[in-house]
């Protein structure tokens with residue numbers, strides 16, 4: 001469960017029932033300033049891409065099909081789709097390359113090799 005839920009000023013997020021549910025779940029609400037989509041640009045971009053890459057919603061026959069389509073799309077986006085901003089790598093591959101390049105990781109790997117683990 002998230003500790004903080006950040007959203008825009010959309011009416012669905014400002015509804016009393018939504019606020020009440022979040023309060024019961026101990027989720028702190030946060031919102032961008034009105035007419036300021038750039039305050040949460042990376043999420044705006046992600047959800048725009050997700051909507052573009054999902055199949056047409058009227059082709060999905062159930063909630064389960066929708067959840068599966070979302071899971072498959074997110075997996076593709078993170079593990080297969082190449083991003084020019086990430087040196088033409090997927091986000092997962094880029095994250096792995098950063099992790100492999102960290103001095104702490106290299107030191108840990110040397111220690112593990114010496115210990116035979």
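Every number in this text was worked out from the coordinates using simple rules, so none of it is lab data. Computed from a predicted model, the values in this text were never measured in an experiment. In this analysis, Cβ positions are derived from the backbone assuming ideal geometry, glycine residues included, and neighbour counts consider all displayed protein chains.
Largest GNM mean-square fluctuation among 96, 31, 23, using the chain with Cα springs under 10 Å: 23.
Segment residue 52..residue 35, full-extension length gain: 3.9 nm, with 0.36 nm per residue of separation and the alpha-carbon distance subtracted. Taking other C-beta atoms within 10 Å as the exposure proxy, 8, 52 rank 52, 8 from fewest upward. Using only alpha carbons, the chain has a radius of gyration to Kirkwood radius ratio (Rg to Rh) of 1.10. Applying 1/(1 + (r/R0)^6) with R0 = 25 Å to the Cβ-Cβ distance of residue 15 and residue 43 gives a FRET efficiency near 0.80. Here is the P(r) of segment 57-117: all C-alpha pair distances, binned every 5 Å from 0, give 4, 17, 14, 12, 12, 12, 12, 7, 4, 4, 2, 0 in whole percents. Directionally averaged projected area (segment 1-53, Cα convex hull): 4.2 nm².
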